[in-house]
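Below is the structure I would like to discuss, written out as structure tokens.
The values are calculated or read from the model by the stated rules, or taken from the named source; none is laboratory data. It should be emphasised that the depicted structure is a prediction, and the values quoted were computed from it without experimental measurement. So basically every Cβ, Gly included, is an ideal-geometry build from the backbone, and we count neighbours across all protein chains shown.
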Amino acid sequence: MPGWLGGGNTRTRGSAAEQAALAHLRAQGLRLVERNYRTPGRGGGEIDLILREPDGTLVFVEVRARIDASRGGAAASIGAIKQGRIVLAARHYLLRHRSPPPCRFDVVAIDGERIEWLKAAFDAG
């Protein structure tokens, strides 16, 4: 079990997981655009990482980490309500673009020391 998942409070562990995910995605050629984008007001959404692929695709990334893969693992913890909030936040974010680029929703699931990048994990529908 990696130390960053086992110690500290939830915010500290979440930040460490996002940093590990970001390092993994940067190593794959993606470039960070924004981190922890939140919509204004209560009940809105949040996007952990917004990155850009070399081809220009904007990638909205949800990062989930669990100590191990029991109970379905990290990826299984992203339900329909959470997906809806991420889509809401992405739509809000895209309002700043006159002509929105191609986009997709990815998940970086971290189970123990295993990092899995799930491209196009869900869609806006």
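Does the stretch 44-61 include one or more residues that are closer than 17 Å to A20 by Cβ, touching a residue at least 40 places away in the same chain (Cβ under 8 Å) and assigned to a helix (DSSP H, G or I)?
So far as the stretch 44-61 goes, no, none of its residues is closer than 17 Å to A20 by Cβ, touching a residue at least 40 places away in the same chain (Cβ under 8 Å) and assigned to a helix (DSSP H, G or I).
Next question, about the same structure. Scan the stretch 62-74 and give yes if some residue there is outside any helix (DSSP H, G or I), at pLDDT 95 or above and touching an Asp or Glu at 6+ places or on another chain (Cβ under 9 Å), otherwise no.
Here is the first cut: in the stretch 62-74, the ones outside any helix (DSSP H, G or I) are 62-69, 73-74.
Filter once more, so that each one left must be at pLDDT 95 or above: 62-63.
Checking which are touching an Asp or Glu at 6+ places or on another chain (Cβ under 9 Å) leaves us with 62-63.
Checked the stretch 62-74: at least one residue is outside any helix (DSSP H, G or I), at pLDDT 95 or above and touching an Asp or Glu at 6+ places or on another chain (Cβ under 9 Å).
Taking G44, is it surrounded by 12 or more Cβ atoms within 10 Å (Cβ to Cβ), modelled with pLDDT under 95 and in contact with a Lys or Arg (Cβ under 8 Å, 6 or more places away or on another chain)?
yes
Just to check your reading of the model, which residue among V87, V59 is β-branched (V, I, T) and under 11 Å from the mean Cα position of the chain (by Cα)?
The unique qualifying residue is V59.
Spot the failing condition for E62; the list is (1) within 22 Å of G29 (Cβ to Cβ); (2) surrounded by fewer than 17 Cβ atoms within 10 Å (Cβ to Cβ); (3) of a type in the set (D, E, K, R), and only one is missed.
With respect to (1) within 22 Å of G29 (Cβ to Cβ); (2) surrounded by fewer than 17 Cβ atoms within 10 Å (Cβ to Cβ); (3) of a type in the set (D, E, K, R), E62 is out only on (2).
Consider V33 carefully, then state whether it is of a type in the set (V, I, T), surrounded by 13 or more Cβ atoms within 10 Å (Cβ to Cβ), at pLDDT 90 or above and assigned to a strand (DSSP E or B).
It is true that V33 is of a type in the set (V, I, T), surrounded by 13 or more Cβ atoms within 10 Å (Cβ to Cβ), at pLDDT 90 or above and assigned to a strand (DSSP E or B).
Also: Restricting attention to the stretch 95-125, and to residues there that are basic (K, R) and in contact (Cβ under 8 Å) with a residue 12 or more places away in the chain, which single residue is surrounded by the most Cβ atoms within 10 Å (Cβ to Cβ)?
Applying the filter and picking the extreme gives R104.
Related question: Given A76, A27, A16, which one is small (G, A, S), out of contact with any strand residue (DSSP E or B) (no Cβ under 7 Å at 6 or more places or on another chain), loosely packed, with under 12 Cβ neighbours inside 10 Å and on the phi < 0 side of the Ramachandran plot? Even if it seems obvious, please write down each step before you answer.
Details: A76 fails: loosely packed, with under 12 Cβ neighbours inside 10 Å; A16 fails: loosely packed, with under 12 Cβ neighbours inside 10 Å.
None of the others qualify; the one that does is A27.
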